[in-house]
Amino acid sequence: MADIRKILIVAAVLVSAVVVQSTLFTKLVKGAHPDLMLAVTASAGLAGGLWTGCAIGLAGGLLLDLLTGRLVGLTMATMAIAGLVSGRLAGRLYKENPFVPVVIGAAASAINQLLYVVTARAFGVVIPIVDSLINIVLPSVWYNGLLTALVFPLIYRLYNHIVYMESTKL
Amino acid sequence: MGPGKWRWAVLGPIILIIAGIIVATTGPRDELGWAEKAFREALAPLQSGVTRIADGIVGVTTRIVRLTRLAKENEALRKEVEELRTERAALLEAQRENEELRRLVDLERRAPDQVQIAEVIYRTPGNWFSTIIINKGSAHNVEKGMAVVTPEGVVGHVRLVTRHTAEVMLITDTKSALGGRVYRTNQVVLVEGQGDAGRGKALVKPLASEADLVVGDYIITSGLSEIYPKGLPVGIVEAVYEGRYGLTTYGQLQPFVEFDRLEWVAVLTKPHARFGEEVYGGHP
């Protein structure tokens, strides 16, 4: 029962994130869009550590890839790595500090986007690196850092709720 | 003399004195009496202070009452202004959407049975690909490879189709390349997308070695590809650069379509060969 509820909670969060990101964010923000899924992944890594971040990154990246329909699997991989790095960094930082989610979100964003640009090239999608850095990676680092700070308290509460459910076998 | 009679003996003269004073002060008087003067003079400062305090209290009370009323009125007016603003914004939005749809319907009217109007459901998430998803698919005769336009010009082409949706690759996508023509010189060019990293612009690459490309040149579709009919407006050249060693020239294109504001598009399901001329008059 606890497992099903856990899956339902995670699925609801990820689906909501992908819907908001593909509709509201792409409509409201011109140019580089904030990446809500990345903020969720970085927050999950920060809340639950290495493997939680990785798992959420894989699942969230898959949903994004399914909507994008191109280079399916690449966002999954870059997002999972971003989740892993967030979880890894989180172990060394005091997560109650309000600046920590900003730093983690920004770092995860930079890693995710740079990995994507470089790896996409290997698959024949040439994305100009300098223009990407100026017009996408840098603004996104800023947006996603702030977005992670906003998202983290909610993800942290949900994570604690899931841990409580599992410990009490509810 | 008993006590009762003594009292009457005192009271009698008092009554007479009072009566006398009344009579004396009933008629017109030139001056106040000394007692009146002294009493008035002694009381005046106290009265003045008390009157000032009372005036203050009345003033404050009146002001509070007035302010409360004004605050209520202000609140009501503010609410009304807010409602009117929201209503105005909704009306402007509806007007804009109406105008957009009117122009699309006009496009459909000028090219009957050649287009399918569709709404943009969402843009693909992420910053690397410039694609949109529309709410018409194979169930509405939308097929892969069909051109997508707005009354402003070319949007892109259908890349993938499901039964009720279709993915449109915008002309600004990094994988997009369309055959264009410089309207002024008739020279054939290639228009390549630069993605969001290129801020939604495209690159114009002349195919001839002797390129004549200047800022302000209009680019239209060449009609040489299987996707886009001839003469659809694409964009305007806003900068011209020289390539390495000065052997090549290329331009930066600002598309006519505002992709960030895209809400409705027309898919060219069965365009005639002269669609561009019929609908856009053959020129931008």
Considering only residues of segment A:23-64 that are in contact with a Pro (Cβ under 8 Å, 6 or more places away or on another chain), within 10 Å of chain B (Cβ to nearest Cβ) and among the aliphatic types (A, V, I, L, M), which is nearest to A:Leu89 (Cα to Cα)? A:Met37
I'm told B:Val105 meets every condition in (1) touching a helix residue (DSSP H, G or I) at 6+ places or on another chain (Cβ under 9 Å); (2) not assigned by TED's automatic domain parsing to the domain that holds B:Leu268 except one. Can you identify the failing condition by its number? (1)
Being touching a strand residue (DSSP E or B) at 6+ places or on another chain (Cβ under 7 Å), on the phi < 0 side of the Ramachandran plot and acidic (Asp, Glu) is the requirement here; does B:Glu278 meet it? no
Between residues in segment A:7-31 that are under 13 Å from B:Arg123 (Cβ atoms) and residues that are modelled with pLDDT under 85 and of a type in the set (Asp, Glu), which pairs lie under 6 Å by C-beta distance while being six or more apart or on different chains? A:Lys30/B:Asp260
A:Tyr116 vs (1) in a helix (DSSP H, G or I); (2) farther than 22 Å from A:Gly87 by Cβ; (3) facing another protein chain (nearest Cβ under 9 Å): all pass except (2)
Which of the residues that make up segment A:125-139 are under 12 Å from B:Asn127 (Cβ atoms) and part of a loop (DSSP other than H, G, I, E, B)? A:Ile127
Given the conditions (1) outside any helix (DSSP H, G or I); (2) at negative phi, and given that B:Gly126 satisfies all but one, which numbered condition is not satisfied? (2)
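One line per residue, one yes/no per condition, for (1) buried (at least 22 other Cβ atoms within 10 Å of the Cβ); (2) of a type in the set (Val, Ile, Thr):
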| site | (1), (2) |
| --- | --- |
| B:Arg109 | no, no |
| B:Gln114 | no, no |
| B:Phe129 | yes, no |
| B:Ala139 | no, no |
| B:Val142 | yes, yes |
Does A:Val85 meet the test of being over 30 Å from A:Thr168 (Cβ atoms) and more than 9 Å from chain B (Cβ to nearest Cβ)? yes
Please count how many residues of segment A:93-140 are acidic (Asp, Glu) and surrounded by 14 or more Cβ atoms within 10 Å (Cβ to Cβ). 1
Close pairs from segment B:183-206: first within 14 Å of chain A (Cβ to nearest Cβ), partner hydroxyl-bearing (Ser, Thr, Tyr) and in a strand (DSSP E or B), Cβ under 9 Å, at least 6 apart: B:Leu203/B:Tyr250
Those residues that are in contact with a Leu (Cβ under 9 Å, 6 or more places away or on another chain) and either surrounded by fewer than 21 Cβ atoms within 10 Å (Cβ to Cβ) or not β-branched (Val, Ile, Thr) (or both), I need them from segment A:25-41; list them, please. A:Phe25, A:Ala32, A:Pro34, A:Asp35, A:Leu36, A:Met37, A:Leu38, A:Ala39
Between a first residue in segment A:120-133 that is at the interface with another protein chain (Cβ under 7 Å from one of its Cβ atoms) and a second residue that is surrounded by fewer than 16 Cβ atoms within 10 Å (Cβ to Cβ), which pairs have beta carbons less than 8 Å apart while being 6 or more apart in sequence or on different chains? A:Ala120/A:Val126; A:Ile127/A:Arg121
Say whether the condition of being within 14 Å of chain A (Cβ to nearest Cβ) and assigned to a strand (DSSP E or B) is met by at least one residue in segment B:88-96. no
Selection from segment B:105-153 of residues within 14 Å of chain A (Cβ to nearest Cβ) and free of Cβ contacts under 8 Å to residues at least 24 places away in the same chain yields B:Tyr122, B:Arg123, B:Pro125, B:Gly126, B:Lys144
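The values are calculated or read from the model by the stated rules, or taken from the named source; none is laboratory data. Just so you know, these numbers come straight off a predicted model, no measurement behind them. Note that we place each Cβ from the backbone using ideal geometry, even for glycine, and neighbour counts take in every protein chain shown.
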